[in-house]
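The values are calculated or read from the model by the stated rules, or taken from the named source; none is laboratory data. On a predicted model such as this, the values are computed, not experimentally measured, just so you know. Note that each Cβ is placed from the backbone with ideal geometry, even for glycine, and that neighbours are counted across all protein chains shown. What goes into the accessible areas is simple: the full protein's heavy atoms, side chains included, and nothing from ligands, DNA or RNA. Shrake-Rupley method; radii C 1.70, N 1.55, O 1.52, S 1.80 Å.
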Amino acid sequence: MESGVPLCNTCGEQLGVNDKGEVFVACQGCNFPICKACVEHEINEGNSCCMRCGTPYEERTKDDDDDDIKVHENQSTMASQPSTYEDVGLHARHVSTVSTVDSEYHDESGNPIWKNRVESWKGKDKKSKKKKAPRADIEAPIPPEQQMEERQPTEAAAEPLSVVFPISKSKLAPYRTVIIVRLIILALFFHYRVTNPVDSAFGLWLTSIICEIWFAFSWVLDQFPKWCPVDRHTFIDNLSARFEKEGEPSQLAAVDFFVSTVDPLKEPPLITANTVLSILAVDYPVEKVSCYVSDDGAAMLTFESLVETAEFARKWVPFCKKFSIEPRAPEYYFSQKIDYLKDKVQPSFVKERRAMKRDYEEYKVRVNALVSKAQKTPEDGWTMQDGTPWPGNNSRDHPGMIQVFLGHSGALDIEGNELPRLVYVSREKRPGYQHHKKAGAENALVRVSAVLTNAPFILNLDCDHYVNNSKAVREAMCFLMDPEIGRDVCYVQFPQRFDGIDRSDRYANRNTVFFDVNMRGLDGIQGPVYVGTGCVFNRQALYGYSPASMPSLPKSSSCCCCPSKKSKDSSEVYRDAKRAELDAAIFNLREMDNYDEHERSMLISQLSFEKTFGLSTVFIESTLMENGGVAESADPAMLIKEAIHVISCGYEEKTDWGKEIGWIYGSVTEDILTGFKMQCRGWRSIYCMPLRPAFKGSAPINLSDRLHQVLRWALGSVEIFLSRHCPLWYGWAGGRLKLLQRMAYINTIVYPFTSLPLIAYCTLPAICLLTGKFIIPTLSNLASVLFLGLFLSIIITSVLELRWSGVSIEDLWRNEQFWVIGGVSAHLFAVFQGFLKMLAGVDTNFTVTAKAADDAEFGELYIIKWTTLLIPPTTLIVINLVGVVAGFSDALNGGYESWGPLFGKVFFAFWVIFHLYPFLKGLMGRQNRTPTIVILWSVLLASVFSLVWVKIDPFVNKVDNDAISGACSAIDC
């Protein structure tokens, strides 16, 4: 500016002068300062209007220029990025202080420049489309020989990536027919039950009616979302043909893997390491894979074990890819009891496998040595190798920590090839801040990954869920990268499969009915629910955006049945309109590279991005990139500094994190809540079931851990029921959530309340047997037909469900048994604890279930850890057994006529006992190893019911008191 010539607003160079010696002016309307080279670049890009006022530039001919206008890359822009990013932390923290009324950034009419720029983007898109059409006519025709050569790969790339196979009508039509018939029978059954009360046992009859109505309501919620089950099939070869061409870089989308761990003593580092190794060896381009390990406990043991894992990965990854082994988690690969030479033809395989197994055993020794060392914490805390104290010695008060082990700037494998990026992350924790447990850790990983790699898709796994199918990511990409269906898919959910479970699956750890029946039914509606692990997310969906094909919500939409929710629905419309405003800036982010740092900060502030995503310019810019990616010129040191900033404690304050974007807070089961919020915005999800299970995990197979796991899930459902996100009233505006999908979500939050009628219904048989009364009057012919029809419809529905789903009858029976076991124990406690937490503020802390098993096969199955959850089922078993004995003793004294009514009572009592049998078997543990506490409780309960037995005194003949008094009055004393 010393020479009096203004600087270009785009590149920062002087504007220069024209042939007449005058300062160059691009726009005669507003004199916007932009140099001749930048104007030529704008025109070459199809933008012939001024960026400030929108006035078209002067028409220029080739005679006016010495050289032809050529399209060149944004090298100047990329070169200017390092200086732009140097002060990004300063801009991130002061972005909200930028004045939006500065006259320098407004045109003469008072309109902000950024609005004109957005309009120019839209005009550019339209003009570029018009210019592309005639360009095809100018191109030279392709010779026929070249057409023949290109036809085959082109046809392969045009093939579909996935297909949907609806269940055949021969299986589905009878299934739906029986459901309708069962509904009709239920209506007739309740009509009979209500119109025929039992006067002699009115209280018992009323209780049974209430319980049966609730069971019918639960069955409807569970059954009808399975109305349209589907199967899907993917074509990985077509995916490769379309996005991986020989001689060209892979066009597959990048994926960021998230692995979460908290306590390395309860979640052994070796199990976490196997999960990480299976991710690093996945069958996917290495430059497209990044693995982030969240250590929410800030344990030095986790960090050191990850150092050892990164070193071992340099040998393990090339071995896996060279011989195409499955699975690619070494612990599970070497423990397979199969012929490992099958399909292996390389002569060197046996030798290299033996050497790799020896290396893995040495690696295990080093990791186990770290674990044994960590059993006792030093008084002064842990110290790193350089002598400095470990920053995470206080797990509740420590700074954020990030360490990049492998990847672009890390070590290569032993063959000199690049490895996927491996990043250790431990978010900052300070007293007085709410950290939101796992959901908060996942949101921190979302921000860190956006700053460092910014892959468009995210795959999250628990620390004990390893990649069992190395092509699992490709399976998901067949849906997410499909141009037809991928634009509306928020996530692809894989079923959970487990190792280390006994063949009979005593406690239904596999959840086969849920994953193979319910989830496939939901896939035919709007998609399966998110179950917390084994899920590939669209990053844009996590940011709270609506799908591109979804129209905006009408402003007049409101809940007509509940006026009090009008304000809530209007706020939902406002948020959706705000997202539409953010969506408008996504369509062409490249134009933002022409802004200087001040103008970019102003634009971000104008659009209120910082109120949604937080005060980080780098992160906010990453959220606008639909296809992800990080600028190549970005300074790694600056990115690490910004990544530390986005995982600070106060970053989420006064933002939408955990409310509208990311993993949603407010429940222990943040997975259900997060998926529900996405589908309320109009997204749909996909259920992918490859022949080889994509992921496998370790289940807590002993009775105590299983009940605590079910308790945690049920408590999360109660929390959602008592929150503003309850599916009964949330998200009705716009009608984006389908009715059957809403029924499925309602079922996920109300099922714990079934414990109250269930425990009452399981107690009724014993009460009937002990008192001699019954909840059903004397059966007529019509009543007998209704009861028989109801039982037959239940059986036929189950059989037809097994037919189309392929689930075994044993799995169905185990699921039914544990539904009763969990219902009368964990679900009951969850209801009371949920109300205490939400109404009285009494929080319940849950311990992490142990992931490691004993050396003996299924040894953990027989471990009994005494807990109050065992008391209700134990009591039900004992009182029903006592009731059966009391009923038979009464029948023996009552003669032949008393055996008829006894049959119905005993049938219901045995129904309870048979369903609780796995609990009773688990309670006893191994033979001769029954816990002492179980014996003490058994003796105590037996003593109580012995006193009840004496009080009833069934073997003494009942004497009519009226008859005795009458006889006494007839005697002449």
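Among the residues of the stretch 360-375, those that are over 20 Å from residue 262 (Cα atoms) and either of a type in the set (D, E, K, R) or open to solvent by 80 Å² or more (accessible area, probe 1.4 Å) (or both) comprise 361, 362, 364, 365, 366. Taking first residues from the stretch 602-623 that are open to solvent by 10 Å² or more (accessible area, probe 1.4 Å) and partners that are among the acidic types (Asp, Glu) and modelled with pLDDT of 65 or more, the Cβ contacts under 6 Å between residues at least 6 apart in sequence or on separate chains come to 612/656; 618/642. Inside the stretch 663-680, residues that are in contact (Cβ under 8 Å) with a residue 60 or more places away in the chain, closer than 21 Å to residue 835 by Cβ and among the hydroxyl-bearing types (Ser, Thr, Tyr) make up a count of 2. Annotation: of all residues in the stretch 376-420 being closer than 21 Å to residue 283 by Cα, under 28 Å from the mean Cα position of the chain (by Cα) and modelled with pLDDT of 80 or more, the one that is most open to solvent (accessible area, probe 1.4 Å) is 405. Cβ-Cβ contacts under 8 Å between residues 6 or more apart (or on different chains), taken from a first residue in the stretch 903-914 that is within 16 Å of residue 775 (Cα to Cα) to a second residue that is of a type in the set (A, V, I, L, M) and open to solvent by 30 Å² or more (accessible area, probe 1.4 Å), are absent. The listed residues are 657, 663, and the only one of them that is under 22 Å from residue 290 (Cα atoms), of a type in the set (Phe, Trp, Tyr) and buried (at least 18 other Cβ atoms within 10 Å of the Cβ) turns out to be 663. Taken together, the residues in the stretch 781-820 that are of a type in the set (A, V, I, L, M) and open to solvent by 30 Å² or more (accessible area, probe 1.4 Å) amount to 11. Does residue 673 count as closer than 30 Å to residue 487 by Cα and open to solvent by 10 Å² or more (accessible area, probe 1.4 Å)? No, not satisfied.
Within the stretch 450-469, being polar (S, T, N, Q), in a loop (DSSP other than H, G, I, E, B) and over 17 Å from residue 699 (Cβ atoms) holds for 453, 454, 469.
In contact with a Leu (Cβ under 9 Å, 6 or more places away or on another chain) and charged (D, E, K, R): is that true of residue 295 in this structure? Yes.
When residue 298 is tested against the conditions (1) within 24 Å of the chain's Cα centre (by Cα); (2) closer than 30 Å to residue 378 by Cα; (3) open to solvent by 20 Å² or more (accessible area, probe 1.4 Å); (4) of a type outside the set (Lys, Arg), the lone failure is (3). Set side by side, the residues 713, 683 differ, and just one is in contact (Cβ under 8 Å) with a residue 24 or more places away in the chain, open to solvent by less than 30 Å² (accessible area, probe 1.4 Å), under 30 Å from residue 480 (Cβ atoms) and aromatic (Phe, Trp, Tyr), which is 683. Condition test on residue 755, is it closer than 19 Å to residue 911 by Cβ, of a type in the set (Gly, Ala, Ser) and in contact (Cβ under 8 Å) with a residue 24 or more places away in the chain? Against the criterion (closer than 19 Å to residue 911 by Cβ, of a type in the set (Gly, Ala, Ser) and in contact (Cβ under 8 Å) with a residue 24 or more places away in the chain), residue 755 qualifies.
Residues are listed down the side, and each one gets a yes or a no for (1) crowded, with 22+ Cβ neighbours inside 10 Å; (2) closer than 16 Å to residue 816 by Cβ; (3) within 18 Å of the chain's Cα centre (by Cα):
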| residue | (1), (2), (3) |
| --- | --- |
| 472 | yes, no, yes |
| 480 | yes, no, yes |
| 483 | no, no, no |
| 489 | yes, no, yes |
| 494 | yes, no, yes |
| 499 | no, no, no |
| 503 | no, no, no |
| 511 | no, yes, yes |
| 522 | yes, no, yes |
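Checked against the criteria, residue 798 counts as of a type in the set (S, T, N, Q), modelled with pLDDT of 85 or more and more than 27 Å from residue 674 (Cβ to Cβ).
In this structure, does residue 325 turn out to be modelled with pLDDT under 90 and open to solvent by less than 60 Å² (accessible area, probe 1.4 Å)? Answer is yes for this residue. Condition test on residue 707, is it over 26 Å from residue 525 (Cα atoms), out of contact with any Asp or Glu (no Cβ under 6 Å at 6 or more places or on another chain) and in a loop (DSSP other than H, G, I, E, B)? It is false that residue 707 is over 26 Å from residue 525 (Cα atoms), out of contact with any Asp or Glu (no Cβ under 6 Å at 6 or more places or on another chain) and in a loop (DSSP other than H, G, I, E, B). In the stretch 762-780, the residue that is most open to solvent (accessible area, probe 1.4 Å) out of those that are among the aliphatic types (A, V, I, L, M) and over 22 Å from residue 820 (Cα atoms) is 779. Scan the stretch 177-200 for residues that are within 25 Å of residue 765 (Cβ to Cβ), assigned to a helix (DSSP H, G or I) and touching a helix residue (DSSP H, G or I) at 6+ places or on another chain (Cβ under 8 Å) and jot them down. Passing the criteria: 182, 185, 186, 188, 189, 190, 192, 193, 194. When the test is whether a residue is of a type in the set (D, E, K, R), in a helix (DSSP H, G or I) and either out of contact with any helix residue (DSSP H, G or I) (no Cβ under 8 Å at 6 or more places or on another chain) or without any contact (Cβ under 8 Å) to a residue 40 or more places away in the chain (or both), residue 487 passes it.
Under the condition of being in a loop (DSSP other than H, G, I, E, B) and either modelled with pLDDT of 85 or more or under 26 Å from residue 481 (Cβ atoms) (or both), the residues counted in the stretch 597-652 number 12.
For the stretch 180-231, how many residues meet the condition of being of a type in the set (Lys, Arg) and either exposed (fewer than 14 other Cβ atoms within 10 Å of the Cβ) or modelled with pLDDT of 90 or more (or both)? Counting residues in the stretch 180-231 that are of a type in the set (Lys, Arg) and either exposed (fewer than 14 other Cβ atoms within 10 Å of the Cβ) or modelled with pLDDT of 90 or more (or both) gives 1.
The requirement of being in contact (Cβ under 8 Å) with a residue 60 or more places away in the chain, crowded, with 21+ Cβ neighbours inside 10 Å and within 30 Å of residue 367 (Cα to Cα) is satisfied by residue 256.
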